[in-house]
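Right, one structure below, let's go through it.
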Amino acid sequence: MPATTPANPPVAATPAAPVKAEGAAPAAGLSLDMLQGALAGMAQQGGAGATQMTPLTETVTADAVLESQILDDPAVVAKLLPLLPAGQQTEAALRDNLRSPQVRQALGSLQSALAGDSFNSVLANFQLDTQSERVQQAMIQGNAILAFLESVIDSVEKGKGNISSSFSSPDGGRTGLSPDRWVMLGYLSILALLSDWVCFSNAASPHTFEALYPDHSYASLIDMFLFTNVFSSFLVTDTISKVGLSNAIKASSLLMFFGCLLRSAGVALGLEATPYEFVLAGTLCVGAAQPFFQCTPPLLSATWFGSSERATATAIALNFNQIGIATAFLIGGSMATSASGLSDYFLLLAGIAGVVSAGTLLQFQERPPLPPSTSQLNKLVRNEMEPPFVDSLKSFFK
């Protein structure tokens, strides 16, 4: 809550930065002692017990940061550099940015949020606790900035040990391209191809299907596949946010394999043709699985590919849907010309789906060892998550 000040408030002294002892080794980071030293003298008592808040722009100055020696730690520098704009990711630029108007403006915005109605929201965003006696006392005094900094100290005392850990990122901020990215793209592309192949498997010879199932048309089967596909598409975003891309793709590949097995069950049952109910159930399984192959190429590209490769990778995966349709016309038109040919055709699809599903389970990974780009690294550092589908829809129509 905002502080109240006397009519003629005293001028707040800028806290002294920690003095570097001569011959001392560089500190590993901004330690608890440094934070406590930075707080010394912040709360200045005015008349009648009122408290004046020292502005953050006077507390977190470039000189204070530099003299704290936190940027003498190569690990801290390595974690901060990827957060700078492209072309400025050097140690010199990092130090220069401390004196930039943008940094002062950001500190001013944070101070305004702390002193206004957003105090609790700010602490929640930083995952800071307000239960300690020091934080409570600062809040009683009306010193929101002091309460915020005391909360930071409390988070250090509770086991983080070094404030620089809040900037942790994979492998010290390094990026790199994994050769496995092409394997991931290959699996996703083949799964997409196979799902459309199943959907249009009899499109080239619908008369064979309709001769075996005279009460049903192949066009109506495709319609039900597509209706299931649309419904499942609404579940993709939320499912991946809960279980991850890898688990979602693996589960969907198994669902498609199970659907193909149902469609080919007639062979195992020793029947001339698979019962229509089995064909329908299997087709719906593949329809439910397909959106996880068709809607995820942009996510896979952002997770695995460099900035200059993403458009190409996404286009490759999306175009394999069309290749799947073409494959259905080429192979279906030659194999599905009789009841026995249709059974063999469905069995072939089940065999291919089984092999691809097994490979997916063994080799498909959630993410590469290193982020492929600075933008992806920053996303991991900030722990950004895709919002729920409903929230995304609301934002889209605002």
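Listed values, structure above:
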quantity	calculated
Mean Cβ count within 10 Å, highest first, over the residues of peptides 314-322, 141-149, 175-183, 340-348	141-149, 340-348, 314-322, 175-183
Chymotrypsin sites (Phe, Trp or Tyr not before Pro) within region 237-283, DSSP loop, no more than 15 other Cβ atoms inside 10 Å	none
Distance histogram in 5 Å bins (all Cα pairs of region 80-147, percent per bin)	3, 15, 18, 18, 13, 14, 12, 6, 2, 0
Probe 1.4 Å, accessible area per residue of region 221-313, Å²	42
Tail weight of P(r) past 14 Å, computed on alpha-carbon pairs of region 300-361, percent	70
Equivalent ellipsoid dimensions for region 163-291 as semi-axes, Å, which come from the Cα gyration tensor, largest first	40, 15, 13
Heavy atoms of Leu212 accessible to a 1.4 Å probe, total area in Å² rounded to 10	50
Which of Glu91, Glu366, Glu277 is most accessible, then next, and so on - probe 1.4 Å	Glu277, Glu91, Glu366
At 1.306 mPa s and 10 °C, Stokes D of region 225-289 from Kirkwood alpha-carbon radius, µm² per second	127
Quarter of the Cα convex hull surface for region 233-359, i.e. its orientation-mean projected area (nm²)	8.5
Placed amide H near His216: partners under 5 Å, 5+ positions off or other chain	none
Accessible area, probe 1.4 Å, largest first, for residues Asp154, Asp238	Asp238, Asp154
Largest to smallest accessible area among Arg310, Arg99, Arg134 [probe 1.4 Å]	Arg99, Arg134, Arg310
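The values are calculated or read from the model by the stated rules, or taken from the named source; none is laboratory data. This one's a predicted model, so the numbers in the text were calculated from it and none came from an experiment. So basically every Cβ, Gly included, is an ideal-geometry build from the backbone, and we count neighbours across all protein chains shown. We work out accessible area using only protein heavy atoms, side chains counted, and drop any ligands, DNA or RNA first. Shrake-Rupley method; radii C 1.70, N 1.55, O 1.52, S 1.80 Å.
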